Amino acid sequence: MKVQLENITLAYGDAVAIKDLSVDIADGESLVLLGKSGCGKTSTMRCVAGLETPLSGRITIGDTVVFDSERRVDVPPNKRNVGMVFQSYAVWPHRTIFHNVAFSLRQQKLPKAEIRERVRDVLDLVGLTEFADRGASLLSGGQMQRVALARSLVMRPSVLLLDEPLSNLDARLRDRLRVELREIQQRLSLTCVYVTHDQSEALALADRIALMQNGRIVQIDRPEKIYDAPFSASIADFLGVSNIFPCTRVASRENLSVLGLTGHDVEVLSRSLPTGPEGAAEGSGAADPADPATPRVCIRPEDIRLLTEPLPEGGNNWLGKVEVVSFQGSYVRYRVGLKGGPELDALVPRHGSALLPVGTPVWATAEPTAVQVLPAEVPA
Amino acid sequence: MTAAIARLRRALPTGVLLLGLATLVIVPMLFILLAAFSTEVPRPGSIGLDALSLENFEVLSTSQAMGALGNSVFIAGAASLVALAIGCGLAFLAARTDAPARRLLYFTGIAPLFLPSLVGALAWSLLGSPATGFLNLLLHGVGLDMTLDIYSRPGLIMILALYYAPYAFLLVHSALSLMNPDLEEAAFVHGGTRRHTLRRITFPLAMPAILGSGILIFALTMENFPVAQVIGNPGQVDTLPSFIYRLMNASPSRGNEAAAVAVVLTAVLLVVTAIQQRAVLRRKFTTVTGKGVKAKLIPLGRWRWPAFAAAMVYFALAVVLPVTALLIAALQNSPYIASLGQLTDADALSFYSLGEMLTSEDLLQAARNSVLTAVLAGLIGTAISFAISYTVYRTNAPGRRVLEFVAMSPLAVPAIVLGLGLLWTWLVAPIPVYGTMAVLVVAFLAVFLPQGYRGVSASILQVDRDLEDSAVLLGSPRAKAVSYVTLPLMRVGMVSTLLLLLMLCMRELSAALFLFTSDTRLLSILIFDNYDNGAMQGAACVSLLYCGVILVIALLAKSLGAKTVEGSR
């Protein structure tokens, strides 16, 4: 079912956790709330569940208004039909898996035979058929996660909330469950709200990503859109762009901008028009790196190539020296100290070639289209 | 309008709880204050502010009162230093060294807890009274011309230290054994010698526990009444608690002056408790990791056996000698003996009077009363503690911090003072509770509220809030979620809190001192009465039974995996 949040504000004492937040989630959509800890993403989710009471705003699930501060509607959590997978899983250790999963159906006082059948179906779905009578304290992390999911799915929730459900698992299991979760969500066309601070998880699970900072949604879009065109340098930073430098515009040349890195003697060519609301990067006079009005040059580490010769056709050509080499399997991560400039982070595909030893002089380059100029923050 | 009602409904449970706790704790304290500042003792029909005066505080300027205050501070200070030395030493031996029989050492550390200080004092007066003490008889028997006088300041200090050392032992032992060994290993790896590491790493890490327990023991010995009365009184060493008792028992009773002294004693304790709570808070952040990894043991070399022997001396002084003395006193046929040799005479010892005593109506009644009040206070106390803990940790009800504060406040009030306040409260109260068992239950509830609250709240904090919330999201009403998820998961914590309260109530004398009647005597009261009337044999018999009951509760608690004594004051 669709979920609507309108002008939600939530505060704990004096600390404002969510500021005037609005978002519409379509029926069957998977929305990921992505942000650092403390950005308000979990609070937003808990408002939908009814575990937190906002100061103001309205929340609608399907056609039912479950919260409205003006009309003083506040449906208690047990009447909202919202499923939630907690970060800690919250699987009851003193009950069997069957009892855990059957709980909501027993609350509804369904006939025994129906309960058994629905529990079996959902355990099949998550691959735990064999474990029904096992005590829940004997499970591994991955199994607990599945029980928590099954327990929520069995009630056929109007919306399923997932609070960093994969963060307590080891990396390999996380990758597998991520795909499984996405598959289940798409198969059941469940409306999902998924909270995470892990960008790759967000990219993999979302129909849309809502990026949150300081209790607001600063950008909301399809994953690939956000990835390609973040609104600000701090969003880019969060999405794995590791080369971010304050800059000033020096000149324009054949529809390229020429930028000088603040405090360094290096020029960068960019084709990107200043993006983001109201072209915040235009203010070229400010050179103070701490000033949020100073624009930033942002380059993904995988967009940087390292060459032994400068590019003959011109463009971005920076001379530097390899300072750190870190082998990562299919990729090699280099840190290159630019001559008269900052350190660049480069992620280079290996293709069977030998690693460049520390101290090697290299030419670093990046396509002007891969160089983005962004405001430091999305203005409030 | 509806919002106002909703707000009221949200605040109602907290309000009711606060009101209940206020009656339990705050009102008695107000009565003490009222009595201290007026010329009339609170009595039905005569409470009011029209007889205010400061003259009660003149009693403080008497040499008796000054002496009592000086004694209290000096004795509590000295006793806590000695107790700290014993407790820390034993804890170090048991937790971190290769001393022989470390399990026995651990048992030595906690065993004196099974002897309430009342029993310990009684036994030591049997052992060390100048005229007829068994130890003095022994000294004279072997021809030594010296007399041990337990009825003295050093005597008081020694007995208090013996029976309060376990508190230091428990706290320091857990700090030393839960300490993350990585911290010490890091010091070794970076070139620290063993001695250096002990001094620079281990000791400072355990410091908050040492300090915290030291201050705790100071507060406990300061308010201790039984030892002060049993040992101090014959030696004419007054402390504040025994001074209060004497003022109340004077004829005519000098209640107003007793209240004035009580105010002073409480004020001192308030300061001490505030300091102690800070030390306890600091402790949380430093040592305990709970990883259960065993730290490296420190080899004692040639000090292994001397250290062990020292521990055994403590065990003998705190447990073996007192219990032996109680046994001899309980079994001997003639009330007085002039030398130990008489004990080897035929029919010098018999079970006759022990059996007589243990089947007497007095004792059976006291035992029934004790068990009944302890069980009631335990059950009700656990339930109230749960209600408070739930409100404080699981709701955002307004006023929940106040609730917590009130629940912890009896920590700063000496049991004897709270008992006095409760006496006046329930004398004045329109409900006929005074003189019944109910008033004893109320007293124990009030005195041990902090222990109950701490036990249950530690347990509720271990149950993840999400567990309960998920039941609510799955469609269950809140109350059902609590009973289906939260309560079952807290079972061990709740049961051990119940047993802790049982044990503390069984041991308590001071709080009940002004509240019992001849029909509602408890085991502790019976012992005290017997002692007061000079019936040492009776007192010894009841003491043995009493320790037995306490031991049974403790064993029960241990078999349930509970840490019984950790939460005690």
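Please work out which one of (1) farther than 20 Å from A:Gln145 by Cβ; (2) crowded, with 19+ Cβ neighbours inside 10 Å; (3) out of contact with any His (no Cβ under 7 Å at 6 or more places or on another chain) is the condition A:Gly28 fails and give its number.
(2)
So that you can scan it fast, the table gives a plain yes or no per residue for (1) touching a residue at least 40 places away in the same chain (Cβ under 8 Å); (2) assigned to a helix (DSSP H, G or I); (3) out of contact with any helix residue (DSSP H, G or I) (no Cβ under 9 Å at 6 or more places or on another chain):
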residue	(1), (2), (3)
B:Gly70	no, yes, yes
B:Val73	yes, yes, no
B:Ala76	yes, yes, no
B:Ser80	yes, yes, no
B:Ala83	yes, yes, no
B:Ala99	yes, no, no
B:Arg103	no, yes, no
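Which of the helices (runs of 4 or more DSSP H) found entirely inside the stretch B:282-375 contain at least 3 residues meeting this: at pLDDT 85 or above? Walk me through it before giving the result.
On the way: elements: B:304-315, B:321-331, B:352-358.
Fully inside the stretch B:282-375 and qualifying: B:304-315, B:321-331.
Count, please, the residues in the stretch B:460-474 that happen to be within 13 Å of A:Gln107 (Cβ to Cβ) and surrounded by fewer than 22 Cβ atoms within 10 Å (Cβ to Cβ).
Taking the stretch B:460-474 and keeping what is within 13 Å of A:Gln107 (Cβ to Cβ), we get B:470-474.
Now narrow it down to the ones that are surrounded by fewer than 22 Cβ atoms within 10 Å (Cβ to Cβ): none.
Looking only at that region, the number is 0.
Is it the case that the stretch A:40-58 has a residue that's buried (at least 18 other Cβ atoms within 10 Å of the Cβ) and part of a strand (DSSP E or B)?
The answer is yes, given that some residue of the stretch A:40-58 is buried (at least 18 other Cβ atoms within 10 Å of the Cβ) and part of a strand (DSSP E or B).
Looking for something closer than 27 Å to A:Asp198 by Cβ and modelled with pLDDT of 80 or more - is there at least one such residue anywhere in the stretch A:252-273? Please lay out each step first, then the result.
Pass one, the stretch A:252-273, residues closer than 27 Å to A:Asp198 by Cβ: A:272.
The next check asks that each one be modelled with pLDDT of 80 or more; those that pass are none.
The answer is no, given that none of the residues of the stretch A:252-273 is closer than 27 Å to A:Asp198 by Cβ and modelled with pLDDT of 80 or more.
Here are the criteria: (1) touching a residue at least 60 places away in the same chain (Cβ under 8 Å); (2) touching a strand residue (DSSP E or B) at 6+ places or on another chain (Cβ under 9 Å). Tell me which single one B:Asp469 does not satisfy.
Every condition holds for B:Asp469 apart from (1).
Within the stretch A:15-25, can you find the residues that are surrounded by fewer than 19 Cβ atoms within 10 Å (Cβ to Cβ) and either more than 14 Å from every other protein chain (Cβ to nearest Cβ) or aromatic (Phe, Trp, Tyr) (or both)?
Our first condition is that a residue be surrounded by fewer than 19 Cβ atoms within 10 Å (Cβ to Cβ); within the stretch A:15-25, this holds for A:15-16, A:19-20, A:22-24.
Of everything in the stretch A:15-25, those that are surrounded by fewer than 19 Cβ atoms within 10 Å (Cβ to Cβ) and either more than 14 Å from every other protein chain (Cβ to nearest Cβ) or aromatic (Phe, Trp, Tyr) (or both) turn out to be A:Val16, A:Lys19, A:Asp20, A:Ser22, A:Val23, A:Asp24.
Which of (1) within 14 Å of another protein chain (Cβ to nearest Cβ); (2) modelled with pLDDT of 90 or more does B:Pro450 not meet, given it meets every other one?
Looking at each condition in turn, B:Pro450 falls short on (1).
Working only within the stretch A:354-380, note down all residues that are touching a strand residue (DSSP E or B) at 6+ places or on another chain (Cβ under 9 Å) and over 21 Å from A:Ser242 (Cβ atoms).
Once the filter is applied, which keeps residues that are touching a strand residue (DSSP E or B) at 6+ places or on another chain (Cβ under 9 Å) and over 21 Å from A:Ser242 (Cβ atoms), the stretch A:354-380 yields A:Pro357, A:Gly359, A:Pro361, A:Ala380.
Yes or no, residue by residue, for (1) farther than 20 Å from B:Met222 by Cα; (2) of a type outside the set (A, V, I, L, M); (3) out of contact with any Ser or Thr (no Cβ under 6 Å at 6 or more places or on another chain):
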| site | (1), (2), (3) |
| --- | --- |
| B:Asn71 | no, yes, no |
| B:Ile75 | no, no, yes |
| B:Ala79 | no, no, no |
| B:Ile86 | no, no, yes |
| B:Ala95 | yes, no, no |
| B:Ala101 | yes, no, yes |
| B:Gly120 | no, yes, yes |
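Every residue in the stretch A:76-96 that is assigned to a helix (DSSP H, G or I) and surrounded by 17 or more Cβ atoms within 10 Å (Cβ to Cβ), please.
Of everything in the stretch A:76-96, those that are assigned to a helix (DSSP H, G or I) and surrounded by 17 or more Cβ atoms within 10 Å (Cβ to Cβ) turn out to be A:Pro77, A:Asn78.
Restricting attention to the stretch A:295-342, report how many residues are assigned to a loop (DSSP other than H, G, I, E, B), β-branched (Val, Ile, Thr) and under 31 Å from the mean Cα position of the chain (by Cα).
The first filter runs over the stretch A:295-342 and keeps only residues assigned to a loop (DSSP other than H, G, I, E, B), leaving A:295, A:300, A:304, A:308-317, A:328-330, A:339-342.
From what is left, the residues that are β-branched (Val, Ile, Thr) are A:304, A:308.
Next, from what is left, pick out any that are under 31 Å from the mean Cα position of the chain (by Cα): A:304.
Selection size over the stretch A:295-342: 1.
Determine which single condition B:Val492 fails, assuming it passes every other condition in (1) free of Cβ contacts under 8 Å to residues at least 40 places away in the same chain; (2) among the hydrophobic types (A, V, I, L, M, F, W, C); (3) surrounded by fewer than 22 Cβ atoms within 10 Å (Cβ to Cβ).
Among (1) free of Cβ contacts under 8 Å to residues at least 40 places away in the same chain; (2) among the hydrophobic types (A, V, I, L, M, F, W, C); (3) surrounded by fewer than 22 Cβ atoms within 10 Å (Cβ to Cβ), B:Val492 violates only (1).
So for the stretch B:111-126 (the condition being in a helix (DSSP H, G or I) and free of Cβ contacts under 8 Å to residues at least 24 places away in the same chain), does at least one residue qualify?
Filtering the stretch B:111-126 for residues in a helix (DSSP H, G or I) gives B:111-114, B:117-126.
If we keep only those that are free of Cβ contacts under 8 Å to residues at least 24 places away in the same chain too, we end up with none.
Within the stretch B:111-126, not a single residue is in a helix (DSSP H, G or I) and free of Cβ contacts under 8 Å to residues at least 24 places away in the same chain.
Considering each of B:Ala161, B:Ala175, B:Ala168 in turn, give the residue that is buried (at least 23 other Cβ atoms within 10 Å of the Cβ) and touching a Gly at 6+ places or on another chain (Cβ under 6 Å).
On the way: B:Ala161 fails: touching a Gly at 6+ places or on another chain (Cβ under 6 Å); B:Ala175 fails: touching a Gly at 6+ places or on another chain (Cβ under 6 Å).
Just one listed residue meets the conditions, B:Ala168.
Regarding A:Val122, is this residue within 20 Å of B:Leu473 (Cβ to Cβ) and in contact with a strand residue (DSSP E or B) (Cβ under 8 Å, 6 or more places away or on another chain)? Steps first, please.
Working: within 20 Å of B:Leu473 (Cβ to Cβ): yes; in contact with a strand residue (DSSP E or B) (Cβ under 8 Å, 6 or more places away or on another chain): no.
Considered against the rule, which asks whether it is within 20 Å of B:Leu473 (Cβ to Cβ) and in contact with a strand residue (DSSP E or B) (Cβ under 8 Å, 6 or more places away or on another chain), A:Val122 comes out as no.
Give all pairs with beta carbons closer than 7 Å in which a residue from the stretch B:23-37 that is touching a residue at least 24 places away in the same chain (Cβ under 8 Å) and under 16 Å from B:Ala511 (Cα atoms) meets a residue that is of a type in the set (Ser, Thr, Tyr) and in a helix (DSSP H, G or I); count only pairs at least 6 apart in sequence or on separate chains.
Qualifying pairs under 7 Å: B:Val25/B:Ser409; B:Val27/B:Thr425; B:Pro28/B:Thr425; B:Phe31/B:Thr425.
Of everything in the stretch B:470-490, what is assigned to a loop (DSSP other than H, G, I, E, B) and either β-branched (Val, Ile, Thr) or more than 7 Å from chain A (Cβ to nearest Cβ) (or both)? Give them in sequence order.
Start the filter on the stretch B:470-490 by keeping residues that are assigned to a loop (DSSP other than H, G, I, E, B), which leaves B:474-477, B:490.
Selection gives B:Met490 alone.
I'm checking my understanding of the structure. Among residues of the stretch A:97-126 that are more than 13 Å from chain B (Cβ to nearest Cβ) and touching a residue at least 40 places away in the same chain (Cβ under 8 Å), which one is surrounded by the most Cβ atoms within 10 Å (Cβ to Cβ)?
A:Ile97
Which numbered condition in (1) without any contact (Cβ under 8 Å) to a residue 24 or more places away in the chain; (2) more than 14 Å from chain A (Cβ to nearest Cβ) is the only one that B:Leu423 fails?
Condition not satisfied by B:Leu423: (1).
Among the numbered conditions (1) in contact with a strand residue (DSSP E or B) (Cβ under 9 Å, 6 or more places away or on another chain); (2) under 16 Å from B:Ala415 (Cβ atoms), tell me where B:Val227 comes up short.
Evaluating B:Val227 over (1) in contact with a strand residue (DSSP E or B) (Cβ under 9 Å, 6 or more places away or on another chain); (2) under 16 Å from B:Ala415 (Cβ atoms) leaves (1) as the failure.
Which residue is farthest from B:Met490 (Cα to Cα), if the candidates are limited to the stretch A:72-96 and must be at the interface with chain B (Cβ under 7 Å from one of its Cβ atoms) and among the polar types (S, T, N, Q)?
A:Asn78
Confirm whether A:Glu29 is within 14 Å of A:Ile220 (Cβ to Cβ), modelled with pLDDT of 90 or more and acidic (Asp, Glu).
Values: within 14 Å of A:Ile220 (Cβ to Cβ): yes; modelled with pLDDT of 90 or more: yes; acidic (Asp, Glu): yes.
Against the criterion (within 14 Å of A:Ile220 (Cβ to Cβ), modelled with pLDDT of 90 or more and acidic (Asp, Glu)), A:Glu29 qualifies.
A quick yes/no check of all residues on (1) of a type outside the set (Asp, Glu); (2) without any contact (Cβ under 8 Å) to a residue 12 or more places away in the chain; (3) in a helix (DSSP H, G or I); (4) more than 18 Å from B:Val447 (Cβ to Cβ):
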residue	(1), (2), (3), (4)
B:Arg199	yes, yes, yes, yes
B:Leu211	yes, no, yes, yes
B:Leu216	yes, no, yes, no
B:Ile244	yes, no, yes, no
B:Leu247	yes, no, yes, yes
B:Glu257	no, no, yes, yes
B:Val264	yes, no, yes, yes
B:Ala267	yes, yes, yes, yes
B:Thr273	yes, no, yes, no
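Specify the residue that is nearest to the chain's Cα centre (by Cα); the eligible residues are those in the stretch A:59-75 that are crowded, with 19+ Cβ neighbours inside 10 Å and over 12 Å from A:Ile18 (Cβ atoms). Give the steps one after another, and end with the answer.
Our first condition is that a residue be crowded, with 19+ Cβ neighbours inside 10 Å; within the stretch A:59-75, this holds for A:59, A:61, A:66-67.
Checking which are over 12 Å from A:Ile18 (Cβ atoms) leaves us with A:61, A:66-67.
On the way: A:Ile61: 23, A:Val66: 27, A:Phe67: 27 Å.
Here the residue is A:Ile61.
Any residue at all in the stretch A:40-59 that is touching a Ser or Thr at 6+ places or on another chain (Cβ under 7 Å) and within 10 Å of chain B (Cβ to nearest Cβ)?
Yes, the stretch A:40-59 has at least one match.
The values are calculated or read from the model by the stated rules, or taken from the named source; none is laboratory data. Model, not experiment: these values are computed from the prediction. Positions of Cβ are backbone-derived with ideal geometry, glycine not excepted, and every protein chain shown enters the neighbour counts.
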